[in-house]
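The values are calculated or read from the model by the stated rules, or taken from the named source; none is laboratory data. Since the model is a prediction, treat every value here as computed from it, not as a measurement. In this analysis, Cβ positions are derived from the backbone assuming ideal geometry, glycine residues included, and neighbour counts consider all displayed protein chains. The protein model used for the area step is the full one, side chains on, heavy atoms only, and it has no ligands, DNA or RNA in it. Shrake-Rupley method; radii C 1.70, N 1.55, O 1.52, S 1.80 Å.
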Amino acid sequence: MGTKFIFFTGGVLSSVGKGVAAASIGRLLKSRGFKVTIQKLDPYLNIDPGTLSPYQHGEVYVLDDGSEADLDLGHYERFCDLRLKKTSTVSSGQVYEEVLSRERRGDYLGGTIQVIPHITGEIKRRVYLLGETSGADIVLIEVGGTVGDIEGQPFLEAIREMRNELPRKDSAFVHCTWLPYLRATAELKTKPTQHSVRELRSIGIMPDMILPRSDHPVDYEIRQKIARFCDVPVEAVVPMVTADMLYEIPLDLEDSHVADILLARLGLEARHEPKLDGWRWMINELKKDRPVAKVALVGKYVELQDAYLSVREALKHAGLFCDLDIEIDWVSSADLPEDIVDERLAGADAIIVPGGFGTRGIDGKMFAARYAREHQVPFLGICLGMQVMALEFARNVMGMKDATSAEFDSKAINPLVDYMPEMKSQERLGGTMRLGLFDIDLAEGSLAEQCYLTRHIAERHRHRYEINDAYREQLEAHGLKVTGQSPEGDLIEILELEGHPYMIGTQFHPEFLSRPNRPHPLFVGLLQAINERRGLPTEKLKFGFEN
Ligand code: GLN
């Protein structure tokens, strides 16, 4: 069987949940025995989102190979339990860069370089390439943006061409739209969906399925109306009604037989009955009344919670396995002066200081770390959060008042956090960090070892600065232990505070490897520490399920 391709386009609005729809459908296909992979085509001109502000684009997600990717890649990995590579993320910037560098090399000598066929050709090459290199039975491709965007046109043209190049049964098109609700007349309106499908058809793409997102229940007549105007069978108009939990969406789509409709369209038969028991168990658990644990997340971008999407999800996953319902208290580090810290954090069962860049809000993060240290509150510092944890310790425990990071002061006398030697020659900002999966050795008997139940791990990174090795002995002598380091021993990866129930900092981002079916050991450790403080059982009852 040749590789099959399912394309996801969007209409009416962005942010209607196209990425979650693709990820959910990926899960349903995988649960029927197919090998799936996913790709995001992003029309923006940035090479990757690495230099985009989280305010613009939410979190920057990191893959094993160090690719900096859109947060939708996180949904794909979590929903489908995949480890994706660079080939899963394509931006206009990458496509143009490739075509232009070929032009400079002289590859097109004599030719005029045009959007069609050169840019579209490069887009198609990347889609086909993922099909060939991934060994997937089915490749799901999400086209970012909405139909009608100028910058998205080459992508839509490319997938239209693929539709004609491939055997009829090898591609399917799913269009995601939005149904606005008019309160005055209490009705959902289908007109924008009709218009966006018309727009899609005007460029030669006929959708096989329409997923209209709605905040309200969608009745059969609305579906019929969309089906009639948009030329799809009514069963293939599947409303995506806003769910309480993202993880419910695969089951909602399963109830509407989405996977079966698409498989029939692709001429495939399920390899076995859908295996969704684990997923159903998860949803049941998530809906149960569980003891609430309040986790204060002290960060710079808390107004835009998508900036910490993977951390939020990792907490949810771990909560599932520690029988805790996690309530996140979003604490703005820039608005956390010293005099309100005690009061502001008094209700926190645990504190997380996540990754970040720049100086704004650093003091607030430092106060939070101090609070956790002094009050024995379980604490996880991620990347910048770990650096802050070390700085607070140096300043307030070791008495090194001027300890700082080279990121905040390039002429620091005590650069406890310093620029990594291998980064010193870099002049550019894009793609110049220590990125991706690196091996880490854990110290025997450490808290980290107790969490991971192994001494050799590999985690995803995204940083430019590191804890300065010159201060290692001093830190350790005062009780902040290095319990994780690179196999060569030259890079400090984990710090743990001696005598504290759970105060851990990691130079890497554990949140990127957390899955609903396989919560991350350090997040589980954090929540277990909460249970321990409450005198509740901490043992991992049902650790992981087949996915
Ligand atoms: N700004 C810090 C560094 O570059 C931390 C990065 C992060 O938290 N992802 O090292």
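Couple of notes before you dig in:
- Of residues in segment 351-361 being of a type outside the set (Ser, Thr, Tyr) and surrounded by fewer than 21 Cβ atoms within 10 Å (Cβ to Cβ), the one nearest to the ligand (Cβ to nearest atom): Phe357
- Some residue of segment 520-535 being at pLDDT below 95, surrounded by fewer than 21 Cβ atoms within 10 Å (Cβ to Cβ) and in a loop (DSSP other than H, G, I, E, B): yes
- Of all residues making up segment 4-30, the number that are open to solvent by less than 20 Å² (accessible area, probe 1.4 Å), more than 16 Å from Thr242 (Cα to Cα) and not in a helix (DSSP H, G or I): 8
- Tyr301 being more than 17 Å from Ser24 (Cα to Cα), hydroxyl-bearing (Ser, Thr, Tyr), touching a residue at least 60 places away in the same chain (Cβ under 8 Å) and buried (at least 23 other Cβ atoms within 10 Å of the Cβ): no
- Single match in Val377, Val341 (criterion: at negative phi, outside any loop (DSSP other than H, G, I, E, B) and hydrophobic (A, V, I, L, M, F, W, C)): Val341
- Number of the exception - Leu41 against (1) in contact (Cβ under 8 Å) with a residue 40 or more places away in the chain; (2) part of a helix (DSSP H, G or I): (2)
- Number of the condition not met by Thr87 [criteria: (1) under 29 Å from the mean Cα position of the chain (by Cα); (2) more than 30 Å from Lys275 (Cα to Cα); (3) among the polar types (S, T, N, Q)]: (2)
- Residue count for segment 81-106, restricted to those that are buried (at least 19 other Cβ atoms within 10 Å of the Cβ) and either basic (Lys, Arg) or under 19 Å from Thr51 (Cβ atoms) (or both): 6
- For Tyr247, the conditions (1) at pLDDT 95 or above; (2) crowded, with 22+ Cβ neighbours inside 10 Å; (3) in a helix (DSSP H, G or I) are fulfilled apart from (1).
- Assessment of segment 9-26 against the conditions (over 15 Å from the mean Cα position of the chain (by Cα), within 27 Å of His461 (Cα to Cα) and in contact (Cβ under 8 Å) with a residue 40 or more places away in the chain) yields at least one matching residue.
Residues checked against (1) closer than 22 Å to Leu522 by Cβ; (2) aliphatic (A, V, I, L, M); (3) crowded, with 20+ Cβ neighbours inside 10 Å:
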site	(1), (2), (3)
Arg271	no, no, no
Lys275	no, no, no
Trp279	no, no, yes
Lys287	no, no, no
Ser310	yes, no, yes
Ala314	yes, yes, yes
Cys322	yes, no, yes
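- Of the residues making up segment 53-80, just one is open to solvent by 20 Å² or more (accessible area, probe 1.4 Å), among the hydroxyl-bearing types (Ser, Thr, Tyr) and in a loop (DSSP other than H, G, I, E, B), namely Ser53.
- Residue within segment 371-379 that is within 16 Å of the ligand (Cβ to nearest atom), open to solvent by less than 20 Å² (accessible area, probe 1.4 Å) and closer than 20 Å to Thr51 by Cα present: no
- Residue count for segment 333-350, restricted to those that are away from the ligand (no atom under 16 Å from the Cβ) and closer than 23 Å to Gln507 by Cβ: 1
- Test: residue in segment 255-267 that is touching a strand residue (DSSP E or B) at 6+ places or on another chain (Cβ under 7 Å), in a loop (DSSP other than H, G, I, E, B) and among the charged types (D, E, K, R): no
- Residue within segment 186-209 that is basic (Lys, Arg), assigned to a loop (DSSP other than H, G, I, E, B) and surrounded by fewer than 18 Cβ atoms within 10 Å (Cβ to Cβ) present: yes
- Number of the exception - Trp330 against (1) closer than 25 Å to Phe512 by Cβ; (2) within 16 Å of the ligand (Cβ to nearest atom); (3) surrounded by fewer than 24 Cβ atoms within 10 Å (Cβ to Cβ): (2)
- Top-ranked residue in segment 113-137 [being of a type in the set (S, T, N, Q) and either open to solvent by less than 60 Å² (accessible area, probe 1.4 Å) or over 20 Å from Lys30 (Cβ atoms) (or both); ranked as modelled with the highest pLDDT]: Thr120
- Filtering segment 479-493 to residues that are among the β-branched types (Val, Ile, Thr) and away from the ligand (no atom under 15 Å from the Cβ) leaves Val482, Thr483.
- All positions within segment 453-491 that are farther than 30 Å from Thr359 by Cα and open to solvent by 30 Å² or more (accessible area, probe 1.4 Å): Leu453, Thr454, Arg455, His456, Pro487, Glu488
- Selected residue (only one of Glu496, Glu476 is in contact with a strand residue (DSSP E or B) (Cβ under 6 Å, 6 or more places away or on another chain) and more than 16 Å from the ligand (Cβ to nearest atom)): Glu496
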